[in-house]
Amino acid sequence: MRPLDWIVLVASLVSIIAYGLYRARGSNTVDRYLLAGKTMPWYAMALSIMATQASAITFLSMPGQAYQDGMGFIQFYLGLPIAMVILSATIVPIYYRLKVYTAYEYLETRFDRKTRQLVALLFLLSRGLGAGISLRC
């Protein structure tokens with residue numbers, strides 16, 4: 001990478017961190033930080049969950065994949081909203097009842113801290129390998 005590339009990369013990372021710190025001011029509890037103090041309307045929450053599933057790589061890679069391999073993969077993306085509804089009806093009430101914020105916190109409550117750490121490590125490993133494959137291809 002050339003010096004200008006490094007400057008752009010560092011400036012982007014610093015901007016993202018600064019914006020996150022700016023937006024996080026006043027979020028002095030876990031509830032306010034993770035759940036927006038439970039003040040968001042349901043439709044904003046639903047759109048947020050769906051947006052989390054659709055990344056920039058999805059929008060950039062789907063046309064190329066469709067051109068190369070056909071539209072067979074689209075069934076996954078069409079089934080995603082149905083899966084979200086099912087998960088919202090089954091898993092979210094459990095999280096709400098147990099007052100947990102994340103799947104990892106649930107695993108620690110249900111099993112133990114070692115299970116939580118193992119699953120977190122496996123997730124980070126899989127995402128790291130997935131990002132490496134995405135960048136390589």
Under a Gaussian network model of the chain whose springs join Cα atoms within less than 10 Å, the largest fluctuation of 82, 49, 16 belongs to 16
Using the alpha-carbon centroid of each, what span in Å lies between region 1-66 and region 74-137?
18 Å
Once you list every other residue whose beta carbon is under 14 Å from the beta carbon of residue 121, what net charge do they have if Lys and Arg are +1 and Asp and Glu are -1?
+3
Cα-based Rg of the chain normalised by 2.2 N^0.38 Å, two decimals:
1.32
For the chain, give the percent of accessible area contributed by carbon and sulfur heavy atoms, probe 1.4 Å, rounded to a whole number.
69 percent
For residue 109 and residue 24, FRET efficiency with R0 = 22 Å and r from the beta-carbon atoms, rounded to 0.05?
0.30
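Tell me, what is the FRET efficiency for residue 38 and residue 2 to the nearest 0.05, using R0 = 35 angstrom and their Cβ-Cβ distance as r?
Working: r = 47 Å, r/R0 = 1.35.
Efficiency, rounded to the nearest 0.05: 0.15.
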If a/c stays under 1.5 just call it rounded; otherwise compare a/b with b/c (prolate if a/b is bigger, oblate if not). Do that for region 1-50, with a ≥ b ≥ c from the square roots of the Cα gyration tensor eigenvalues.
oblate
Could you do me a favour and compute the accessible area per residue for region 21-137, 1.4 Å probe, result in Å²?
83 Å²
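How far, in nm, would the chain grow between residue 12 and residue 59 when pulled straight, counting 0.36 nm per residue and subtracting the alpha carbon separation? Kindly include the intermediate steps, with their values, before the conclusion.
On the way: separation 47, 0.36 × 47 = 16.92 nm, distance 2.09 nm.
Separation in residues times 0.36 nm, less the Cα-Cα distance, equals 14.8 nm.
Using the crude model of +1 on Lys and Arg Cβ and -1 on Asp and Glu Cβ, and no other charge, please compute the dipole size for the chain relative to its Cα centre, in debye to 20. Working shown, then result.
Numbers: 13 positive and 6 negative charges, 86 e Å.
Using only the charged Cβ atoms, the result is roughly 420 debye.
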Taking 7 Å along the Cα-to-C-beta vector as the label spot, tell me the residue 78-residue 134 distance in nanometres, rounded to one decimal.
2.5 nm
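The values are calculated or read from the model by the stated rules, or taken from the named source; none is laboratory data. Worth saying up front: this structure is predicted, and the values here are computed from it rather than measured. All Cβ positions, even for glycine, are placed from backbone atoms using ideal geometry, and neighbour counts span all protein chains on display. For accessibility, only protein heavy atoms count, side chains too; no ligands or nucleic acids. Shrake-Rupley method; radii C 1.70, N 1.55, O 1.52, S 1.80 Å.
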